[in-house]
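Visitor: Got a structure here, written out as C-alpha cells. Questions coming.
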Amino acid sequence: MQEASPLLLPDTGEPGFGVYVHWPFCAAKCPYCDFNSHVRHQPVDQPRFVSAFLREMEEMRQLSGPKTVTSIFLGGGTPSLMDPATVGAILEGIARQWHVPDGIEITMEANPSSVEATRFRGYRSAGVNRASLGVQALNDPDLKFLGRLHDVEDALKAIRLAREIFPRMSFDLIYARPHQTVEAWEKELRLAISYAVDHLSLYQLTIEEGTAFYGLHKAGKFIVPDEEQSALLYEATQEITASEGLPAYEVSNHARPGAESRHNLTYWRYGDYAGIGPGAHGRLTRGRDKLATATERNPEGWLAAVERDGHGMVERELLGLDEQADELLLMGLRLREGVDLARWQQLSGRDPDPLREQALLEHGFIERLGNSRLRCTPKGMLILDAVVADLAC
C-alpha cells in the first residue's frame, strides 16, 4: 500500500492552524456551483490582487497573534488561473506573517484544462506540494452537463501530470447525477481509483438555490436520483473505496491512511484558520471566545475595501462557548474519528443528554470509542444533520 509522501510532516491529530486564500475567478461558472466564483472577460490585475492579499494578511496576523501554520489552501474559484509568480508571492507573504515550517501541506485547487496543466511545474517551484483537481466526472456527456470546460482526455492528462509533479494529489468527482445507475457509478469510480494516488473527494450532486441548476431542476428540465437511489450510490461508494484501500475519513473524502487532507482536518477538528480574499471565512481563538470572520464576496468590492481599510472583512462575530460547542459537534461528527468528548464537554459545560444518546446508540446511528470519542456509524452518516441536531439539544 502506498504511504503518504515523506516530504510532508505527519498528522499529529491536533486541530492545527490553517491559512485559506480565496481566488474568486473562473473561466466559466458551473451550473451546480454556489461557491463565491466570478467570471471576468478582461484580464484580472493579479499584482493588484496580490498586494491586497498581503495587506489583508497583515490584519489577520494582528487578530490571530503569532501562530505556527500547519496547512495552506489556495481555493476558489479557479486558483490555477493564477500565474505561478502570483502563487509564489502569496506563499511568501504568509511566511512573513506566521511561522511556516518546512514540510507542511500546501494545496492548490486546479481545473484540468490543458492550458492550466502546463503551469503545474511553476506552482510546484513556488511551494505547492498538493494538487486538488476538479475533475467531477469521467465521461464526456456528464462533463458537458456539469458545464465543465475539459473532457475526459484533458482530465486524465492533468491527473498524470499532477501525479508526476506533486508529492500528493487528489481529485473530485460528483455522483448522483441524473439517470446515474449504481452499476455505471461503480464502473466510473473504479476507473477513478485506478488513477488516484492517495485521496479522492466524492460528492453527491446537490441542487443549491441561486445556481443555474436550481431553476432548471425546479422547472423539471432534469431529475436527480431520489433519496433511496442516492443512499444506494452512497453505500456503493463506501464499499468500493474501502475495499480499494481508500476508506472514508469524512462524509465525502477518502484517503489512504496518512494521506488525509491536513487542511480540511483543521476545519473538521475545529481548529483555527485565517480566511483571506473575497468571500473567505475564518475562525480565530480569542481567549475563551472564537472570532468568526467573513469578507466581502464581490472581488472588486473586496479589493476596494482592502485598499481603503487594510482588510475586506464585513463580519466579525465573537462566538461564545455554547456556539463553539455546537460548531465542534457539527464539524467533528463528519469525521470517521469522531468528536473529542472532553473538548466538547469543556466548551458546553455538560455531558451529552443520556436519553438522546441512548436512543441514537440503540438505533445504530452513533457509537462510543472508549470514553473519549463519539462518532457516527455509517448508518448515522446517512442522516448526519438529524444526528447532530439531536445531540446538540
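Visitor: If G312 meets every condition in (1) touching a helix residue (DSSP H, G or I) at 6+ places or on another chain (Cβ under 9 Å); (2) modelled with pLDDT under 95; (3) open to solvent by less than 40 Å² (accessible area, probe 1.4 Å) apart from one, which number is that one?
Guide: (2)
Visitor: Something else now. Of all helices (runs of 4 or more DSSP H) completely enclosed by the stretch 278-393, which ones contain at least 1 residues that are under 24 Å from the mean Cα position of the chain (by Cα)?
Guide: Output list reads 299-309, 321-332, 341-348, 378-381, 384-392.
Visitor: Search the stretch 169-190 for residues that are touching a residue at least 40 places away in the same chain (Cβ under 8 Å) and pair each with any residue that is open to solvent by less than 10 Å² (accessible area, probe 1.4 Å) and basic (K, R) when their beta-carbon atoms are under 8 Å apart and the residues are at least 6 apart or on different chains.
Guide: Final answer for the pair search is S170/R130.
Visitor: So, one more: Within the stretch 56-79, is even one residue of a type outside the set (D, E, K, R), closer than 17 Å to H281 by Cα, in contact with a Cys (Cβ under 8 Å, 6 or more places away or on another chain) and assigned to a strand (DSSP E or B)?
Guide: Within the stretch 56-79, one or more residues are of a type outside the set (D, E, K, R), closer than 17 Å to H281 by Cα, in contact with a Cys (Cβ under 8 Å, 6 or more places away or on another chain) and assigned to a strand (DSSP E or B).
Visitor: Name the residue that is modelled with the highest pLDDT, counting only residues in the stretch 275-287 that are surrounded by fewer than 21 Cβ atoms within 10 Å (Cβ to Cβ) and more than 16 Å from W98 (Cβ to Cβ).
Guide: So, considering only residues that are surrounded by fewer than 21 Cβ atoms within 10 Å (Cβ to Cβ) and more than 16 Å from W98 (Cβ to Cβ), the one modelled with the highest pLDDT is H281.
Visitor: Next question, about the same structure. Would you call A212 touching a Pro at 6+ places or on another chain (Cβ under 9 Å), small (G, A, S), in contact (Cβ under 8 Å) with a residue 12 or more places away in the chain and in the same structural domain as Q136 (by the TED database)? So that I can check it myself, show each step before the final result.
Guide: Numbers: touching a Pro at 6+ places or on another chain (Cβ under 9 Å): yes; small (G, A, S): yes; in contact (Cβ under 8 Å) with a residue 12 or more places away in the chain: yes; in the same structural domain as Q136 (by the TED database): yes.
When the stated conditions are applied, A212 passes them.
Visitor: For residues that are open to solvent by less than 70 Å² (accessible area, probe 1.4 Å) and acidic (D, E), scanning just the stretch 23-72, find the one that is nearest to A176 (Cα to Cα).
Guide: By that ranking, first place goes to E56.
Visitor: Looking only at the stretch 177-191, filter to residues that are within 24 Å of the chain's Cα centre (by Cα) and open to solvent by 60 Å² or more (accessible area, probe 1.4 Å); which one of those is nearest to E228 (Cα to Cα)?
Guide: Per the stated criteria, the residue is E186.
Visitor: Quick check on the stretch 260-274: of everything there that is assigned to a strand (DSSP E or B) and within 15 Å of M331 (Cβ to Cβ), which residue is most open to solvent (accessible area, probe 1.4 Å)?
Guide: Residues of the stretch 260-274 assigned to a strand (DSSP E or B): 272-274.
Now restrict to residues that are within 15 Å of M331 (Cβ to Cβ): 272-273.
Details: D272: 11, Y273: 36 Å².
Residue satisfying both the conditions and the ranking: Y273.
Visitor: Another question, then. Based on this model, can you work out whether F222 counts as in contact with a strand residue (DSSP E or B) (Cβ under 6 Å, 6 or more places away or on another chain), touching a residue at least 24 places away in the same chain (Cβ under 8 Å), not in a helix (DSSP H, G or I) and not assigned by the TED database to the domain that holds L382?
Guide: When the stated conditions are applied, F222 does not pass them.
Visitor: Could we say that V87 is in contact with a Ser or Thr (Cβ under 7 Å, 6 or more places away or on another chain), of a type in the set (V, I, T) and part of a helix (DSSP H, G or I) here?
Guide: Numbers: in contact with a Ser or Thr (Cβ under 7 Å, 6 or more places away or on another chain): no; of a type in the set (V, I, T): yes; part of a helix (DSSP H, G or I): yes.
No, not satisfied.
Visitor: So which residues in the stretch 203-246 are more than 23 Å from the chain's Cα centre (by Cα), surrounded by 14 or more Cβ atoms within 10 Å (Cβ to Cβ) and not β-branched (V, I, T), if there are any at all?
Guide: Passing the criteria: H217, P225, Q229, L232.
Visitor: Here are R177, R160, R190, R168: which of them is in contact with a Lys or Arg (Cβ under 6 Å, 6 or more places away or on another chain) and in the same structural domain as G75 (by the TED database)?
Guide: Working: R177 fails: in contact with a Lys or Arg (Cβ under 6 Å, 6 or more places away or on another chain); R160 fails: in contact with a Lys or Arg (Cβ under 6 Å, 6 or more places away or on another chain); R190 fails: in contact with a Lys or Arg (Cβ under 6 Å, 6 or more places away or on another chain).
Sole residue among the options that is in contact with a Lys or Arg (Cβ under 6 Å, 6 or more places away or on another chain) and in the same structural domain as G75 (by the TED database): R168.
Visitor: If you check G88 against the conditions, is it assigned by the TED database to the domain that holds R262, touching a residue at least 24 places away in the same chain (Cβ under 8 Å) and buried (at least 22 other Cβ atoms within 10 Å of the Cβ)? Reasoning before the result, please.
Guide: Details: assigned by the TED database to the domain that holds R262: yes; touching a residue at least 24 places away in the same chain (Cβ under 8 Å): yes; buried (at least 22 other Cβ atoms within 10 Å of the Cβ): no.
Answer is no for this residue.
Visitor: I want to confirm something. Restricting to the stretch 108-162 and keeping residues that are β-branched (V, I, T) and assigned to a loop (DSSP other than H, G, I, E, B), which single residue is least open to solvent (accessible area, probe 1.4 Å)?
Guide: Filtering the stretch 108-162 for residues that are β-branched (V, I, T) and assigned to a loop (DSSP other than H, G, I, E, B), the one least open to solvent (accessible area, probe 1.4 Å) comes out as V128.
The values are calculated or read from the model by the stated rules, or taken from the named source; none is laboratory data. Because the structure is a prediction, the values reported are computed rather than measured. Here Cβ is always computed from backbone atoms with ideal geometry, including for glycine, and neighbour counts include all displayed protein chains. The protein model used for the area step is the full one, side chains on, heavy atoms only, and it has no ligands, DNA or RNA in it. Shrake-Rupley method; radii C 1.70, N 1.55, O 1.52, S 1.80 Å.
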